Amino acid sequence: MNHQSTTPNSRPVIALLTDFGQGDGDVGVMKGVIASIAPDAQTIDITHEVAPQNIPSGAWILSTAYRYFPQGTVFVCVVDPGVGSSRNAIAVRAGDKFFVGPDNGLFSYVLAQQTFHNAVVLSNPAYHLPQVSSTFHGRDIFAPVGAHLANGVELSVLGTAIDSTKLQRIDTEPPLRQGGYIEAHIIHIDRFGNLITDIPLTLVPELSSSPIDRGNQHVDSQPGINFPTLGTVINRHYRFFAESADDGQPFIYADSSGYVGIAVRNGNAAMTFGAEMGIPITYKS
Amino acid sequence: MNHQSTTPNSRPVIALLTDFGQGDGDVGVMKGVIASIAPDAQTIDITHEVAPQNIPSGAWILSTAYRYFPQGTVFVCVVDPGVGSSRNAIAVRAGDKFFVGPDNGLFSYVLAQQTFHNAVVLSNPAYHLPQVSSTFHGRDIFAPVGAHLANGVELSVLGTAIDSTKLQRIDTEPPLRQGGYIEAHIIHIDRFGNLITDIPLTLVPELSSSPIDRGNQHVDSQPGINFPTLGTVINRHYRFFAESADDGQPFIYADSSGYVGIAVRNGNAAMTFGAEMGIPITYKS
Amino acid sequence: MNHQSTTPNSRPVIALLTDFGQGDGDVGVMKGVIASIAPDAQTIDITHEVAPQNIPSGAWILSTAYRYFPQGTVFVCVVDPGVGSSRNAIAVRAGDKFFVGPDNGLFSYVLAQQTFHNAVVLSNPAYHLPQVSSTFHGRDIFAPVGAHLANGVELSVLGTAIDSTKLQRIDTEPPLRQGGYIEAHIIHIDRFGNLITDIPLTLVPELSSSPIDRGNQHVDSQPGINFPTLGTVINRHYRFFAESADDGQPFIYADSSGYVGIAVRNGNAAMTFGAEMGIPITYKS
């Protein structure tokens, strides 16, 4: 049998990303289903704390994580406000990995960044649980399909092929640079209250090359970020948190996600500024 | 040796359910103990967010989860307000699985639903940690016992046999249907704020057979739920969340747990109604 | 090759302790990195809810947990306010285990309690990710180094040896007993709101030997705890939670961490007393 080599490791990896939280047991149930079908698979939680039903946030977190997983990893991702409706359930092979979940844009960054190989609508019930509910496809469809993929089942047997152009996508285009200005947004707020923007670091090379502001020099020539809705301007930047001189001082930094971030030294930038996900910012180089 | 075949997989599964949260390191310590005794076991978290010391809630979450785990799974469950007192520590073999924890009713649904094989009081200290504290039997007794079971140790060597009728039970009887009415309760509130009742879907076949209310028809003949203490009536029902027409609209649905649920389209039913676990409801068909 | 036997189990254990939370995907990314390098390793979460950037709290939680893990376990610990600065990244072999993380005092209890073998500054980039960010060494340095150690790589190849005396330490000295008094602090608050003090049980043998106060006897001769800043005195003690007679009654108990704890029967001591981490207490025997 011409078996596609999806599992170079002895223990294939299934990575989970959902908005289920960990309180209800739903994630545990998905892992139970996976262990029943693919006992040798290793499941890894990316997060289960995606803001409920927030597809763009789930898509973005996935985009910052997937590259760090082994070749052949199967990502089972469930942020699924349309569960039970006519939205498709899909599995996608892109780059050297697999992505399983609802066809609602959750894989938009992956599709924009990785080589597309093939995708299917999960129409073959032989790879689902015998009973499929209307409200928990994570358990009934996505977990079993992910487990079968981890077992080496070929994507093509899971359902009907679907063209890449037919897959749902959300807007993942980075903001444009217009002269020295970039109109952008806060795309994520992390546990420390750091604000992550949708400005890729590659768009702002001056952030890594310009002299570091150590707080004792004129800063007009420094890159700055303005919150139009909050009336706040930040025009210092540092390479890392401890470099900032004073507690409570806000600054711009290169977040490890690959995007421009805003932090407050030994503080919480989101609380300091009353900033929420999605608010607009203006970057000025 | 006539060894009971408890571990058909190469990697036996130990599933954990506690009210410990994940902040204190207690769950990690239990897994360290398990890894020390049963290095090939795979531990899966069902949840560690059971409401503190809430035995009925833990028992119910376990009841919605255990069927999805592989044959031979060892469930180590610790919601244990009586830890250190004279309450028994037990291990139970029921159906094709094992259940380890305090004898306080946590396994009531399992005992009501599965074939009972045998049970023991965990009186044999050879299978506990050398030092047993008065306040953390999860670490000192339940985790090591679960690990030994995963290793294939026979239940009977773990302690003294105890009869099924002697095991503690909480009330797991579903509410009764009286004519068109069912007096019931909210038994769980999930992460999305959906309210799960203790009415099994099997008790209300009309929910799946009656025509779907699409919001444009007379609804007097539809099933409805009344919150006597909150003065609220809900009389629409939908098969899934996206089917509901309007944001903020409450509706009845068949929850994937197998029970009747109440949701608010793109909203939080618990917050909308100020509903808490345990409040009474009246279902009318 | 004279290979040090770090991995007696078929599945080496990597235990993780961070202040990253589980919402951002950072922990999942670290596990993805580990699975890429050490596919047979088993990762176990101790906790990811250490209070943000609170090194003493992380060090203490680690101290209550590490003994329960198998020989050869690699602890990857990241509470790292100084990430990106000139603080060292280190790996330490102490007792029969390995500890990887920033050199900021996180391993102080371990170093005080275990036999030191050797330690290195993680200066060899061959064991890091190809690109190292300034803000996420958990992903770029500590996870890959931990995975290589789990694979059996020798500590000495990871970087330059550093003397034990050069490693950063925080104060881990237990409080002193002066006559019948001990001036101490609240060092941890657990999920149930129990207050854990920094008084080791070994310092207060009377807690286990004195007669148990069952609430119906004169208590002047009992050990007691005073909160100077809160004006509260507690002078009952019990062996376990259910032994306390009345709901809402505060009492002293022997916490399973090995330290003196303060609880409220069926209640939350932290909320009852308005107590916070770090506040002073006075113990009187």
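All of the numbers you see were taken from the coordinates with simple rules; none came from a lab. Computed from a predicted structure; not experimentally measured. All Cβ positions, glycine included, derive from the backbone under ideal geometry; neighbour counts span all protein chains shown.
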Practice task
Sort region A:28-142 into rounded, prolate or oblate with this rule: let a ≥ b ≥ c be the square roots of the eigenvalues of the Cα gyration tensor; rounded if a/c is under 1.5, and if a/c is not under 1.5, prolate when a/b is larger than b/c, oblate otherwise.
Solution key: rounded
Completion exercise
Residues meeting the amide H criterion for C:VAL13 (H placed from the backbone, H to H distance under 5 Å, 5 or more places apart or on another chain) are C:GLN42, C:VAL74
Handout entry: Between helix C:26-37 and chain C: long-axis angle, C-alpha atoms, 0 to 90°, nearest 10
Key = 40 degrees
Exercise for the section: Sort shortest first the distances from B:GLU154 to its counterpart in every other copy, using label points 7 Å along the Cα-to-beta-carbon line, and give them in nm. Expected result: 4.8, 4.8
Handout entry: Separation of the B:ALA161 and A:SER156 label points, Cα + 7 Å toward Cβ, nm
Key = 5.8 nm
Problem - Per-residue [θ]222 nm for chain B (sum of -39500 (n - 2.57) over DSSP H runs n ≥ 4, rounded to 500) - result: -4000 deg cm²/dmol
Problem - Hits among lysines - C-alpha to C-alpha of A:LYS166 under 21 Å, sequence gap 8 or more where chains match - result: A:LYS97
Exercise for the section: Decide, for chain B, between rounded, prolate and oblate: order the square roots of the alpha carbon gyration tensor eigenvalues as a ≥ b ≥ c, take rounded if a/c falls under 1.5, and otherwise choose prolate if a/b is larger than b/c, else oblate. Expected result: prolate
Problem - Nearest 10 degrees, 0 to 90: helix C:55-65 Cα axis against chain C principal axis - result: 90 degrees
Exercise for the section: Report, for A:ALA112, each distance to the same residue's label point in the other copies, shortest first and in nm; define the point 7 Å along Cα→Cβ. Expected result: 5.1, 5.1
Handout entry: the protein assembly as shown, dipole about Cα centre (Lys/Arg Cβ +1, Asp/Glu Cβ -1), debye to the nearest 20
Key = 1120 debye
Completion exercise
Counting sequence-distant residues (5 or more places) and residues on other chains, those with an amide H built under 5 Å from that of B:ILE281 are B:ALA184, B:HIS185, B:ILE186
Handout entry: Alpha-carbon centroids, region A:228-285 and region B:29-77: separation in whole Å
Key = 41 Å
Exercise for the section: May I ask which residue of B:ALA263, C:LEU207, A:ILE14 lies farthest towards the positive end of the charge dipole of the protein assembly as shown, with charges of +1 (Lys, Arg) and -1 (Asp, Glu) on Cβ and the Cα centre as origin? Expected result: A:ILE14
Completion exercise
Under the rule rounded for a/c under 1.5, else prolate if a/b exceeds b/c, else oblate, using alpha carbon gyration tensor axes a ≥ b ≥ c, the protein assembly as shown is classed as rounded
Problem - Cβ charges +1 (Lys, Arg) and -1 (Asp, Glu), total dipole of region B:13-82, debye - result: 240 debye
Completion exercise
Output row for B:ASP246: copy-to-copy label distances, label 7 Å along Cα→C-beta, ascending, in nanometres, one decimal, is 5.3, 5.3
Handout entry: Cα centre as origin, Lys/Arg/Asp/Glu Cβ charges: region A:1-137 dipole, Debye
Key = 360 debye
